[in-house]
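Written out below as structure tokens is the structure these notes cover.
The values are calculated or read from the model by the stated rules, or taken from the named source; none is laboratory data. Computed from a predicted structure; not experimentally measured. When we count neighbours, we look across all protein chains shown, and the Cβ atoms used for this are built from the backbone with ideal geometry, even at glycine. For the accessible areas, the whole protein counts, side chains as well, though only heavy atoms, and no ligand, DNA or RNA atoms are used. Shrake-Rupley method; radii C 1.70, N 1.55, O 1.52, S 1.80 Å.
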Amino acid sequence: MASFLGTAGSVLLTVLSSVFVFGLVIFIHELGHFIAAKTGGITVDEFALGMGPTIFRFERGGTQYALRLLPIGGFVSMEGEDEESDAEGSFSKASIGRRILVTVAGAAMNLLLGFLVLVGIVCSQPMIGTRTVAQFYEGASTQASGLQVGDTITAVNGRRCFIANDIIYEFARTQQGKADLTVLRNGEKVQLDGVQFDTYEQDGVNQLVIDFKVLGEKKTVLGVLHEAANWTLSLGRMVFLSLSDLLTGRIAVNSLSGPVGIVSAISEASHAGLKPLFMLLALITVNLGVFNLLPIPALDGGRLVFLLLEAVRGKPVKQKYEIVINAVGFVLLIGLMIFATFNDVTKLIQ
């Protein structure tokens, strides 16, 4: 009986945590579109959380607010968004600047949410981690290779490091047992090529042993805001690094994860505590914000491309072409999601 209750409690925690993370990330994204449209005089027909059949709805100020059955997304439906409309408050009749603002507002809100969550996480830490080497473990290979106490690591393998976690992330991507480090030493930039690390094997991949500790500094208001901003930049950059790793074969395509994999990660984080859960929330919302702005049809970034073309040409792209391109992009995205979900299920079975 105790085992059953424990399992039920674990499942309930996973469900509640997943609803919280997905719900908040989707809500804040759509809220960005909604606020930008409303303040710009654009008519919003519906603000919906979820997809599929409507669970309940109400209308206020000419806008219908709805909660739908499937918790896999949401939308803000605006007058003249996907069709020509001469009605007052039509999206298609709004200025190009206003339409661009409405388009990017959702992603901007995701990035803002990530920043605020990271401010809270940094505040919860006893100190702010820096990129400055404080001490080495006994027999450290990196020290023997030229790294010194007081060096501030600014880049690993030519890639800039914004925060201490960037150093760890870049070390994890390095599989040759050595890395090129750029450091600040006594105010001058010093290049350390081929810094040697001890390694160990994990899941068939060589991992570097980090044989030094970094310095911690006291928290200040500006320090917390600066660290949270750099952390946000770091998480956003992971989208491009991950895409680069996929295209270059550094990461196998079957490692892609979809909703099932994200729920699994949320489950692990929620059982580990609030801090890991909020860290994952920040990662998801920042990644969603950046990914949504990529120039991919059916995403906000795809629409942004059409709006920028309109700004340059002085006239919009014919709507029939935009509809076809977005439809193709949507099908490809759905296919990618199905493939990623298949990967997730396969991993769970294994």
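So for the stretch 24-47 (the condition being open to solvent by less than 70 Å² (accessible area, probe 1.4 Å), assigned to a strand (DSSP E or B), of a type in the set (A, V, I, L, M, F, W, C) and free of Cβ contacts under 8 Å to residues at least 60 places away in the same chain), does at least one residue qualify?
Yes, that holds for at least one residue.
Quick one: in the stretch 144-168, which of the residues that are open to solvent by 60 Å² or more (accessible area, probe 1.4 Å) and part of a helix (DSSP H, G or I) is nearest to H226 (Cα to Cα)?
The selected residue is N165.
Could you tell me whether any residue of the stretch 99-118 is part of a loop (DSSP other than H, G, I, E, B), over 15 Å from F27 (Cβ atoms) and either modelled with pLDDT under 95 or among the hydrophobic types (A, V, I, L, M, F, W, C) (or both)? Show your work before the answer.
Pass one, the stretch 99-118, residues part of a loop (DSSP other than H, G, I, E, B): none.
No.
When you check V11 against the structure, is it over 30 Å from L309 (Cα atoms) and surrounded by 13 or more Cβ atoms within 10 Å (Cβ to Cβ), yes or no?
Considered against the rule, which asks whether it is over 30 Å from L309 (Cα atoms) and surrounded by 13 or more Cβ atoms within 10 Å (Cβ to Cβ), V11 comes out as no.
Could you say which residue among L280, L243, L308, L247 is modelled with pLDDT of 85 or more, assigned to a helix (DSSP H, G or I), surrounded by fewer than 16 Cβ atoms within 10 Å (Cβ to Cβ) and among the aliphatic types (A, V, I, L, M)?
L308
Hey, A66 hits all of (1) more than 25 Å from I325 (Cα to Cα); (2) touching a Leu at 6+ places or on another chain (Cβ under 6 Å) but one; which does it fall short on?
(2)
Applying the selection to the stretch 174-183, what residues are outside any loop (DSSP other than H, G, I, E, B) and buried (at least 17 other Cβ atoms within 10 Å of the Cβ)?
Correct list: K178, A179, L181, T182, V183.
For L113, indicate whether it is open to solvent by 20 Å² or more (accessible area, probe 1.4 Å), touching a residue at least 12 places away in the same chain (Cβ under 8 Å) and not hydroxyl-bearing (S, T, Y).
yes
Please specify each residue of the stretch 295-326 satisfying the condition of being under 22 Å from E30 (Cα atoms), in contact (Cβ under 8 Å) with a residue 24 or more places away in the chain and of a type in the set (A, V, I, L, M, F, W, C).
I296, A298, L299, L304, L307, L308, I323
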